[in-house]
Every structure is written in C-alpha cells, then in structure tokens.
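Take a look at the structure below.
Each reported figure results from applying straightforward, stated rules to the coordinates on display, with no laboratory input. Here the structure is a predicted model, which means the values were calculated and not measured. Neighbour counts run over all protein chains shown; Cβ positions are idealised from the backbone, glycine included.
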Amino acid sequence: MPVAHLNDIDIYYERYGENQGTAPKLLFVNGSGATLAASQPLLGLFAKGFDLVAHDQRGLGRTSIPDGPYTMAQYAADAAALAEHLGWTTYSVVGVSFGGMVAQELAVTFPERLECLVLMCTSPGGDGGSSYPLHTLGSLDPSERAEIGLRILDQRFTPEWFENHPGDRMLSDAMAQRGGEKPADVVRGETLQLQARSTHDVYHRLPAITCATLVASGLYDGIAPASNGEAIAAQIEGAQFRAYEGGHAFFYQDRSAFPDVIEFLLAR
C-alpha cells in the first residue's frame with residue numbers, strides 16, 4: 001500500500017499510467033469528501049497518456065485524520081510534499097472543486113513547480129467569489145440537505161428535467177450515494193476539510209501564477225458558479241476560460257469537456 005509519511009501525517013496515494021517515469025507528470029487533486037476509492041472512473045480517464053498521481057487528502061480515505069483545524073495552506077503543502085517525495089521537480093496539476101482550491105493555493109505558493117494548471121468547477125474566494133458554503137449543510141434536516149444538494153449540483157435539476165435526461169438522473173443518484181451514515185472518524189475528517197474550505201481566498205494572489213492555465217466551469221453550477229471561474233481566469237495572465245453545458249459535474253455531462261482538458265494538458 002503506497003503511503004508516504006509527510007508533514008507529520010501518513011498520506012495514501014496511488015500512481016497510474018503505463019509509462020510512469022516517461023509520460024507527462026500529472027498531479028490530480030480531488031474534491032470535497034472525495035476519496036481515491038470513489039474516484040476511479042475519473043482517475044482512469046486522466047491516467048491515459050500521463051504519469052498520474054492522486055492522493056487521499058488529509059482527513060479523508062486512507063490518509064491520516066489528525067486533529068484540526070486544517071488550513072488550505074496545509075492541503076497545498078501536502079500535495080507539494082507528495083510530488084517532491086516522488087522526485088518530481090515540475091509537473092502539471094488538475095484540481096476539481098475543492099481540489100481546484102488546493103491547486104490554486106499550490107500554484108501561488110510554488111509557481112516555479114507547475115508546468116500547466118487546469119482548474120475545474122472551482123472558485124477563488126474573496127472578491128472573486130466563493131463556492132457554496134457546504135459546511136452549513138451538516139446541521140440541516142436530511143431531506144432539506146438533499147434538496148439543496150440536488151439544486152446546487154445543477155440548477156436545472158428538477159423532476160421534469162430528469163424525465164427527459166436519464167443520464168443526469170443517474171449522475172444525481174450517484175452523487176447522492178456519497179451521503180448516508182458514516183463512521184465518526186469519516187465525519188470528523190470531512191467536517192475539518194469543509195471548515196478549511198470555508199476560509200479559502202487566493203483571489204488577490206492569483207497573478208503569481210505563471211504557467212499555462214485553463215479554467216473550466218459548468219454553466220449551471222450552483223456550487224462554483226461560472227462567474228467565479230471567469231474571475232480566476234481574469235487574474236492569471238494568459239489564462240483560458242471555458243464554460244460547458246452542465247453543472248458542478250459538467251465534465252460528465254458535456255462530452256466536449258474532457259477532451260478539451262486532455263488536449264490542453266498534452267499541448268503543453
């Protein structure tokens with residue numbers, strides 16, 4: 001089991017790709033509450049053509065759940081330490097949702113290490129706009145929490161919409177399955193992550209990013225609105241912004257999204 005003891009915690013990670021050591025290096029940073037075990041379909045897509053590394057972030061999955069509070073700087077430092085542990089001096093980064101927040105923090109802190117950056121369905125915080133405050137949902141009645149969760153996942157999602165879009169129904173059902181009863185330690189780690197997320201603000205530091213950057217957003221995302229993605233791109237010299245037909249998981253909904261991301265990464 002690949003575990004690295006870094007920053008006083010044990011970080012579980014996995015490495016993918018048939019040409020490890022020779023293919024372009026890609027560090028993938030996952031979203032809120034997301035573990036490697038639950039992310040294999042997405043990781044499998046990114047593994048094609050890359051030497052891909054992803055990890056369970058602190059408080060999640062098979063990685064340690066140290067006492068909190070956690071900071072966004074710690075999450076970025078964990079990712080940077082893992083890359084250094086692997087002997088990577090420079091590499092590309094893809095960050096999804098919360099992972100996009102971590103990736104921004106990583107990129108403004110260690111700009112010299114990044115070759116290319118892709119930020120998906122994420123926000124800069126502060127004056128550039130924050131993502132939906134997910135940390136506030138835990139205290140709600142489960143039915144109310146589920147209703148809000150559905151609405152912010154994709155603002156078009158209604159019973160009427162699902163009647164004509166069975167693929168979106170499957171997506172919403174899959175996301176809903178991530179809820180339910182969880183062990184106390186899992187809840188503790190996820191809560192600490194959401195608390196760190198609530199403090200995220202890199203907006204005025206984004207100009208420090210010097211690598212090629214793509215910011216991708218879903219047009220109907222109620223968690224990280226497309227306007228937040230535009231705000232990120234506007235702060236980074238030469239950054240590209242692209243909006244897609246979908247919500248927070250637009251890369252599953254719009255068939256053009258994933259090929260665009262791969263093309264952008266491989267071109268650099």
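Think of it as helices only: each DSSP H run of n ≥ 4 in the chain is worth -39500 (n - 2.57), and spread over all residues that comes to -11000 deg cm²/dmol at 222 nm. Extension gain, SER227-GLU144: 0.36 nm per intervening residue step, less the Cα-Cα distance, totals 27.3 nm.
Our summary gives the chain a relative contact order of 20 percent, counting only alpha carbon pairs under 8 angstrom and 6 or more residues apart. Each Lys and Arg contributes +1 and each Asp and Glu -1, all at the Cβ; summed about the Cα centre of the stretch 51-113, the dipole is approximately 80 debye. A simple charge model with +1 on the Cβ of Lys and Arg, -1 on the Cβ of Asp and Glu and nothing else charged puts the dipole of the chain at about 260 debye relative to its Cα centre.
For the stretch 38-165, what is the charge dipole size about the Cα centre, in debye to the nearest 20, if Lys and Arg each add +1 at the Cβ and Asp and Glu each add -1 at the Cβ?
Details: 7 positive and 15 negative charges, 39 e Å.
Computed charge dipole of the stretch 38-165: roughly 180 debye.
For LEU137 and ARG268 in the same chain, what is the full-extension length gain: residue separation times 0.36 nm, less their Cα-Cα distance, in nm? Let's see the in-between values first.
Details: separation 131, 0.36 × 131 = 47.16 nm, distance 3.94 nm.
Here the answer is 43.2 nm.
Measuring between their Cα centroids, the stretch 69-134 and the stretch 188-255 lie 11 Å from each other.
What FRET efficiency would be calculated for the residue pair THR191, GLU84, taking the C-beta separation as r and a Förster radius of 25 Å, to the nearest 0.05? If you can, show how the numbers build up before the last one.
Values: r = 29 Å, r/R0 = 1.15.
The value I calculate is 0.30.
Bridge orientation summary for the stretch 11-118: considering DSSP beta bridges with both residues in this region, about 25 percent are antiparallel. The modelled label-to-label distance between ALA176 and LYS48, using points 7 Å beyond Cα along the C-beta direction, is 3.0 nm. For GLY128, neighbours were defined as the other residues whose beta-carbon sits under 14 Å from its Cβ, and their charges (Lys and Arg +1, Asp and Glu -1) total -3. Which percentage, to the nearest 5, of the DSSP beta bridges contained in the chain is antiparallel? Around 25 percent antiparallel, to the nearest 5. In the chain, taking the dipole from charged Cβ atoms about the Cα centre, the farthest positive-side position among VAL108, VAL202, SER32 is held by VAL108. Could you compute the net charge surrounding HIS248? Neighbours are other residues with a C-beta less than 10 Å from the C-beta of HIS248; K and R count +1, D and E count -1. Residues near HIS248 contribute -2 overall. Cα gyration tensor of the chain, axes a ≥ b ≥ c as square roots of the eigenvalues: rounded (a/c below 1.5), prolate (a/b > b/c) or oblate? Judged from the Cα gyration tensor, the chain comes out rounded (a/c under 1.5). For a quick check, take a GNM of the chain with Cα springs below 10 Å and name the residue from THR199, THR71, THR109 with the largest mean-square fluctuation. Of THR199, THR71, THR109, the Gaussian network model singles out THR199 as fluctuating most. Which residue, MET170, MET120, MET72, tops the fluctuation ranking in a GNM of the chain built on C-alpha contacts under 10 Å? It is MET170.
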